[in-house]
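Worksheet: one structure, shown below.
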Amino acid sequence: MIDRHPTRNSVEKNRDLRREEKKMQRKKKRIYMEEKYTNIENLKTQREARKFYELVNDVRKDLNSRAVTLRKRNGELSCNSAEKMERWREHFEEVLFERDDPQEENNVELSDIYPQKQEAENRN
């Protein structure tokens, strides 16, 4: 029977069980990937090029890629790297310095805190 109003004890018990299950899954995945890497290394030493590159490509496909787009302040999507970096800079300035108006000039700029970053940008 499904408990419509779970108790604190049952909620905590379920949370602990989920936590243990996630830990076990991470451990199994780590073991699986270590075995796969060992197999790749063995194929390399045995000079099995075709099987080696097949496994390398399988491992590469398993890796998740990052998001390609980012939403601008006005809601539009941006794929341009420079625009994405500028948007992240704006975001962290707002979060770190708690600005009410991100366009205010009297607030601290990142270049004041990290002058080496500004120098590196000027060199490029």
Lone qualifier among 34, 93, 41, 86 - being in contact with a Lys or Arg (Cβ under 8 Å, 6 or more places away or on another chain), surrounded by 10 or more Cβ atoms within 10 Å (Cβ to Cβ) and of a type in the set (D, E, K, R): 93
For the stretch 20-57, which residues satisfy the criterion of being in contact with a Phe, Trp or Tyr (Cβ under 7 Å, 6 or more places away or on another chain) and either at positive phi or touching a residue at least 12 places away in the same chain (Cβ under 8 Å) (or both)? 40, 43
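Laboratory data are not the source of any read-out in this text; all were calculated from the coordinates shown. What you see is a predicted model, and the numbers here were worked out from it, not measured in a lab. Cβ coordinates were reconstructed from backbone atoms using ideal geometry, including for glycine residues, and neighbour counts include every protein chain displayed.
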